[in-house]
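Novice: Take a look at the following structure, please.
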Amino acid sequence: MPWPTESKYLGKSRPRLEGPAKVTGRARFTTDVNLPGMLYGAILRSKWPAAHIRAIDLSAALAAPGIKAGVLAAEGEFDVCFHGAELAALAGTSAQAVQDALALIRVDAETKPVVVDEIDAALPDAPPVRGKAANLTCGKPREKGNADAAFASAAAVIDGIYTTPIQIHHPLEPHGTVAQWDGDDVQIWTSTQAVFGTRDTLAQMLKLQQNQVRVICEHMGGGFGAKLSPHPESPLCARLARAARAPVRLILTRFEQAFAVGNRPSSFQHIKMSATADGKLTGFQLESFGTPGFRTGAGNEGGSGEAAFPAPYIYRPTDQRVRQGSVAVNAGQSCPMRAPGHPVASAGIEAALDDLAAKLGLDPVEIRLLNDPSEIRQREYRIGAEKFGWKQKYHAPGATPGPVKVGMGCAGAAWMSRWYPSQAEIEIHRDGTVEVRVGTQDLGTGSRTVAQVVAAEQLQIDPQLISVRVGDSRLPWSGLSGGSLTTASIGPAIYDACENALTELKQLSGLPDPRGPNWAAACAKITRAPLQVRGKFRDGLSNTGACGVQFAEVEVDTETGFVKLRKMLAVQDCGTVVNRLTCESQINGGVIMGIGYALYEQRIMDPRTGVVLNPNFETYKLPGAADIPEIQIELLDMPERGIIGVGEPCTIPTAAAIANAVANAIGVRVFELPITPARVLAALGKVPAPDGERRRKLDQVFATIAQGAAAPAPAQPAAKESHA
């Protein structure tokens, strides 16, 4: 890899380029866009979780004071499958006028039976969510060796059911769009993780050419996968603006975020796993299912279809049998969420591995060192164990005296980080200042600063001479910001643009090396027109396959069930560290997100109405400052590997490490995430366990999946539904 091992700016800590604009309020988000004559937009959503819509009458609403336009989400008759599905949208001169007029829209609908619980929906007598299609579908079973023989000859076998919840997308900035037409062209400001992807999709939806759509996202308050593609509010906003002949702003409410923009699918994982007496894994069997919402086969996690996830995750037992299903319910559709599928997979197998280690009387770190095929993760486990003081702290499960128990846990992560062939441009001025232009978007991860650091390193100039423009589909092409792709995609393109610029500057100035101390003299040779140079993705500067491990220390009050985190330690590989400060910031954020997954977050729905009952930050618990322990971060800076994205892998093992620490503290497993006080007390036998009828139903669903009796999954994942 040509990245330097000795660097001036690369790998050092540099504050965010956009930091001053954000803390002073100068940074402009979509909701800050305010155009002359702009109207307010809002969406009428279905109050039924399942219904056939026969007709929608907008006439009374369009006649209401202040209303300038109205559009239907779909023409003709159609079905809705979740509470909150889009029916129509209005634009008016004030938000209040629009809200008042929404109540005047008349909808002729025939309601249908509803089911929102995954287990109930998977039973044969459940109301059908998708017409004649089965609610429960199964992917193709996978089998290697003879798992039954492995179980029969093993020194120890564990058999457990591990579950993970629906996790709602709640970026700080809600989804929203501003649209303004100029003749047949439209300009869109929107909070998106893909300005070019949004441009292309909207052009298709609005029946325009791609060069008739311009998408801008100057700043974004988080996305985590929910903003990878436009949701119905974007085309609805554009259609309202065209109908009203005026710009329209349509921003979703926090309530709408809870059901309309996607979520992480749930999982029910029946895992059976075996090992030899010294801990070598032999047999693995998994039956699993979860719900991605009202339509299976779309919005899947893990890239393997439906609600499937990588299995067996990380480890390679010699004999395997895997059957995964997916069940449709009357709820909003899932979508990618930070490290799709991997936290789900990690939560199951890492818990099972710890349970197996406890049964064999083995140290959890030692059994991982024995079975983890990655040399990098093995190195990370050794580094982490030493930094964490694992040997001094770890004890047998439940061995702490007194009512407040202390426990330690660990878990690993694997992520297939990749890249897009991005393009970049730099403009060099006579006074030595530089502008880097790249059409990526900064979803809050510090992409501007990454671009600045790469250019400063290559040109060997003060970073303060470099400004950066991102977030505009008129800039050089770049891919979406998801899957930890951004830095690995734009870094090599900026590197190439800088190298090309230096070549031209050498010829222009006559200096053999225009970098560093010669920069001012070289740039003085530039004529009035600045030097503009393009670059494209250069192979060999980025890499794949990020590895990480995490350690957790908790204390559990066995009288109240309360879990308090004492410390988290993350050891993370990200290849070449570009900006240490933003890299550590990413890992802090990933760990905090994993803490929410382990202890707090869970969507709760009303079974009769399909309404999300905890749609806001008061009732949907996210980790607050008081919930965050010390987070120690150890980066493996490996320039020889090239740039590797780090945003996803750092959130994968957190929940599993915490769950294992809780099990180590109290001596019994809490099989369900989030680990609430009630579930801790139930595991300890201090409050009644969940009802046996639900467990009977769950066993029935697993038996159906194990026998392959469920309907086969669609051969091709269906496209995401749009009402626009």
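The values are calculated or read from the model by the stated rules, or taken from the named source; none is laboratory data. Predicted model only: the values in this text are computed from it and were never measured. Because the Cβ atoms are built from the backbone with ideal geometry, glycine has one as well, and the counts that use them run over all protein chains shown. Ligands, DNA and RNA are excluded from the accessible area calculation, which covers all protein heavy atoms including side chains. Shrake-Rupley method; radii C 1.70, N 1.55, O 1.52, S 1.80 Å.
Novice: Please identify the pairs in which a residue from segment 471-485 that is closer than 19 Å to Gly590 by Cα has its Cβ atom under 6 Å from the Cβ atom of a residue that is among the acidic types (Asp, Glu) and crowded, with 20+ Cβ neighbours inside 10 Å, counting only partners at least 6 apart or on another chain.
Specialist: Ser484/Glu648
Novice: Within segment 695-709, is even one residue open to solvent by 30 Å² or more (accessible area, probe 1.4 Å), touching an Asp or Glu at 6+ places or on another chain (Cβ under 6 Å), part of a helix (DSSP H, G or I) and under 21 Å from Gly325 (Cβ atoms)?
Specialist: The answer is yes, given that some residue of segment 695-709 is open to solvent by 30 Å² or more (accessible area, probe 1.4 Å), touching an Asp or Glu at 6+ places or on another chain (Cβ under 6 Å), part of a helix (DSSP H, G or I) and under 21 Å from Gly325 (Cβ atoms).
Novice: Then there is this: Which of the residues that make up segment 240-288 are at pLDDT below 95 and farther than 30 Å from Leu87 by Cβ?
Specialist: Within segment 240-288, none qualify.
Novice: Does Gly384 satisfy the condition of being open to solvent by less than 10 Å² (accessible area, probe 1.4 Å), of a type outside the set (A, V, I, L, M, F, W, C) and outside any helix (DSSP H, G or I)?
Specialist: No: the conditions fail for Gly384.
Novice: Please go through segment 362-377 and pick out each residue that is touching an Asp or Glu at 6+ places or on another chain (Cβ under 6 Å) and open to solvent by 30 Å² or more (accessible area, probe 1.4 Å).
Specialist: Hit for segment 362-377 is Ile376, nothing else.
Novice: Before we move on, is Asp100 within 29 Å of Ser326 (Cβ to Cβ) and touching a residue at least 24 places away in the same chain (Cβ under 8 Å)?
Specialist: Criteria not met by Asp100.
Novice: Would you be able to tell me the number of residues in segment 76-127 that are out of contact with any Lys or Arg (no Cβ under 9 Å at 6 or more places or on another chain), surrounded by fewer than 19 Cβ atoms within 10 Å (Cβ to Cβ) and among the β-branched types (Val, Ile, Thr)?
Specialist: Total satisfying the criteria: 1.
Novice: List pairs: first in segment 260-287 and closer than 27 Å to Tyr597 by Cα and of a type in the set (Ser, Thr, Tyr), second surrounded by fewer than 24 Cβ atoms within 10 Å (Cβ to Cβ) and modelled with pLDDT of 95 or more, Cβ under 6 Å, 6+ apart or cross-chain?
Specialist: Ser266/Pro165
Novice: May I pose another question? Could you please let me know if Ala626 is more than 22 Å from Ala345 (Cα to Cα), without any contact (Cβ under 8 Å) to a residue 24 or more places away in the chain, assigned to a loop (DSSP other than H, G, I, E, B) and of a type in the set (A, V, I, L, M)? Let's see the steps before the verdict.
Specialist: Working: more than 22 Å from Ala345 (Cα to Cα): yes; without any contact (Cβ under 8 Å) to a residue 24 or more places away in the chain: yes; assigned to a loop (DSSP other than H, G, I, E, B): no; of a type in the set (A, V, I, L, M): yes.
When the stated conditions are applied, Ala626 does not pass them.
Novice: Failed condition for Arg669, given (1) open to solvent by less than 30 Å² (accessible area, probe 1.4 Å); (2) more than 25 Å from Gly223 (Cα to Cα); (3) touching a Gly at 6+ places or on another chain (Cβ under 8 Å); (4) assigned to a helix (DSSP H, G or I), with all others met?
Specialist: With (1) open to solvent by less than 30 Å² (accessible area, probe 1.4 Å); (2) more than 25 Å from Gly223 (Cα to Cα); (3) touching a Gly at 6+ places or on another chain (Cβ under 8 Å); (4) assigned to a helix (DSSP H, G or I) applied to Arg669, the lone miss is (4).
Novice: For segment 679-694, give me each residue that is open to solvent by 10 Å² or more (accessible area, probe 1.4 Å) and under 28 Å from the mean Cα position of the chain (by Cα). Give the steps one after another, and end with the answer.
Specialist: Start the filter on segment 679-694 by keeping residues that are open to solvent by 10 Å² or more (accessible area, probe 1.4 Å), which leaves 679, 681-694.
Within segment 679-694, Arg679 is the sole residue that qualifies.
Novice: Suppose we filter segment 166-190 for residues that are in contact with a His (Cβ under 9 Å, 6 or more places away or on another chain) and either open to solvent by 10 Å² or more (accessible area, probe 1.4 Å) or aromatic (Phe, Trp, Tyr) (or both); how many remain?
Specialist: Looking only at that region, the number is 1.
Novice: Restricting to strands (runs of 3 or more DSSP E) lying wholly in segment 119-170: which have 2 or more residues that are over 30 Å from Gly279 (Cα atoms)?
Specialist: So the answer is 136-138.
Novice: Among the listed residues Gly37, Gly11, identify the single one that is in contact (Cβ under 8 Å) with a residue 12 or more places away in the chain, on the phi > 0 side of the Ramachandran plot and either surrounded by fewer than 21 Cβ atoms within 10 Å (Cβ to Cβ) or not small (Gly, Ala, Ser) (or both).
Specialist: Gly37
Novice: Suppose we filter Val406, Val454, Val436 for residues that are touching a residue at least 40 places away in the same chain (Cβ under 8 Å), in contact with a Lys or Arg (Cβ under 8 Å, 6 or more places away or on another chain) and open to solvent by less than 10 Å² (accessible area, probe 1.4 Å); which single one remains?
Specialist: Going through Val406, Val454, Val436 in turn, just one is touching a residue at least 40 places away in the same chain (Cβ under 8 Å), in contact with a Lys or Arg (Cβ under 8 Å, 6 or more places away or on another chain) and open to solvent by less than 10 Å² (accessible area, probe 1.4 Å): Val436.
Novice: Please report, ordered by residue number, the strands (runs of 3 or more DSSP E) entirely within segment 503-578 with at least 1 residues that are modelled with pLDDT under 95 and open to solvent by less than 10 Å² (accessible area, probe 1.4 Å).
Specialist: 546-557, 563-573
Novice: If you check Ile43 against the conditions, is it out of contact with any Gly (no Cβ under 7 Å at 6 or more places or on another chain) and farther than 30 Å from Val454 by Cα?
Specialist: Answer is yes for this residue.
Novice: Follow-up question, since we're still on this one. Does Gly471 count as within 30 Å of Lys227 (Cα to Cα) and open to solvent by 10 Å² or more (accessible area, probe 1.4 Å)?
Specialist: Spelling it out, it is not the case that Gly471 is within 30 Å of Lys227 (Cα to Cα) and open to solvent by 10 Å² or more (accessible area, probe 1.4 Å).
Novice: Further question: Between residues in segment 498-518 that are closer than 17 Å to Val453 by Cβ and residues that are open to solvent by less than 60 Å² (accessible area, probe 1.4 Å) and in a helix (DSSP H, G or I), which pairs lie under 6 Å by C-beta distance while being six or more apart or on different chains?
Specialist: Partner pairs satisfying both residue conditions: Cys498/Ala455; Cys498/Gln458; Cys498/Leu459; Arg515/Leu459.
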